[in-house]
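Worksheet: one structure, shown below.
Laboratory data are not the source of any read-out in this text; all were calculated from the coordinates shown. Predicted, not measured: the structure shown is a model, and the values here were computed from it. Backbone-built Cβ (ideal geometry, glycine too); neighbour counts: all protein chains shown.
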Amino acid sequence: MSTSEEPVFAGEYGQLTPVGGGDPIPLLKKRLMVGRSGEADIQLKFNNVSTQHCRLTLEQGYWFVRDLNSRNGIKVDNRTVSRKRVDPKSRISIARHEYVLEYDPQVLGAYGPPPADDDYMDELMRSSLMDRAGLKKRDQQRNDPSQRKTID
């Protein structure tokens, strides 16, 4: 394949390729529900997959996965997540069934990766509510004598 050719995937928006072999699962819409249910866009007929296990959404040219309170969870690159950007060629585990998510962000209209959610949320949760609201700084300034205004 020359560098000017676009990669070919099973679906318009990419594919999930089972690790260890099997047919690729085409990604045909920008919003896909994955689960054991017959109404799921991607039906995985495994007992350990929840009826509505997770949702895949295409945002700004990148796929995101969100766990829908499944019994056995979601992992991206061996890390348990509740919502996370899934970069091309990342491994996604749906109740211990592992897939490689293959797609090309540039073909899907990406103009730079959006925040990866879990990383942002981890950072956000490390800070206090006062810090996030900007109140701690104001409180510190109010109690700092060098910050007080003097009246002449």
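Quick notes
- Residue satisfying all of: in the range 89-105; touching an Asp or Glu at 6+ places or on another chain (Cβ under 9 Å) and touching a residue at least 40 places away in the same chain (Cβ under 8 Å); surrounded by the fewest Cβ atoms within 10 Å (Cβ to Cβ) among these: ASP104
- Residue among VAL49, VAL34, VAL19 that is hydrophobic (A, V, I, L, M, F, W, C), in contact with a Lys or Arg (Cβ under 9 Å, 6 or more places away or on another chain) and surrounded by fewer than 19 Cβ atoms within 10 Å (Cβ to Cβ): VAL19
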